[in-house]
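Let me begin by handing over the structure; questions about it come next.
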Amino acid sequence: MRIYVAYVAPDGEVLVALDVAAGTTVADALGLRAVTERLPVAPDPAGLAIFGERVSGATPLRDGDRIEITRPLHADPKNMRRDRAGRHAATGKTPPRRRRGLRTAG
């Protein structure tokens, strides 16, 4: 079966396509030489996902799965929103509203 391993960093991205046997786990796939030679870092077991859903190394793979190796956040989004709201409250300005709707290429 065909699976993919994806890693994105500020300086580039890596996408490796692999043909693996049925019953292969996430950890098995990440241990393959074709993956370890191309990744700039060792994957953190806590930062693994398949199509955005967190998984463990013991998760069995299915045909077409994309293993995503995630990186830790530099800042907590909830705290960043709270800080922005506090800055706007201190200045008496209302925060800018986001526009909703379709974006068109132009």
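Please go through the range 45-68 and give me each residue that is outside any helix (DSSP H, G or I), exposed (fewer than 14 other Cβ atoms within 10 Å of the Cβ) and free of Cβ contacts under 8 Å to residues at least 24 places away in the same chain, ordered by number. Quick ask: steps written out before the conclusion?
The first filter runs over the range 45-68 and keeps only residues outside any helix (DSSP H, G or I), leaving 48-68.
Then keep just the ones that are exposed (fewer than 14 other Cβ atoms within 10 Å of the Cβ); that gives 51-54, 56, 58, 60, 62-64.
Within the range 45-68, F51, G52, E53, R54 meet the criteria.
Being modelled with pLDDT under 85, surrounded by 10 or more Cβ atoms within 10 Å (Cβ to Cβ) and assigned to a loop (DSSP other than H, G, I, E, B) narrows it down to one residue among R82, R71, R87; which is it?
Working: R82 fails: assigned to a loop (DSSP other than H, G, I, E, B); R87 fails: assigned to a loop (DSSP other than H, G, I, E, B).
None of the others qualify; the one that does is R71.
Tell me which residues, restricted to the range 28-44, are closer than 14 Å to A6 by Cα and surrounded by 15 or more Cβ atoms within 10 Å (Cβ to Cβ).
Across the range 28-44, the qualifying residues are A29, L30, V35, L39, P43.
The values are calculated or read from the model by the stated rules, or taken from the named source; none is laboratory data. Because the structure is predicted, anything quoted here is derived from the model rather than measured. Cβ sites come from the backbone with ideal geometry, for glycine too, and all protein chains shown count toward neighbours.
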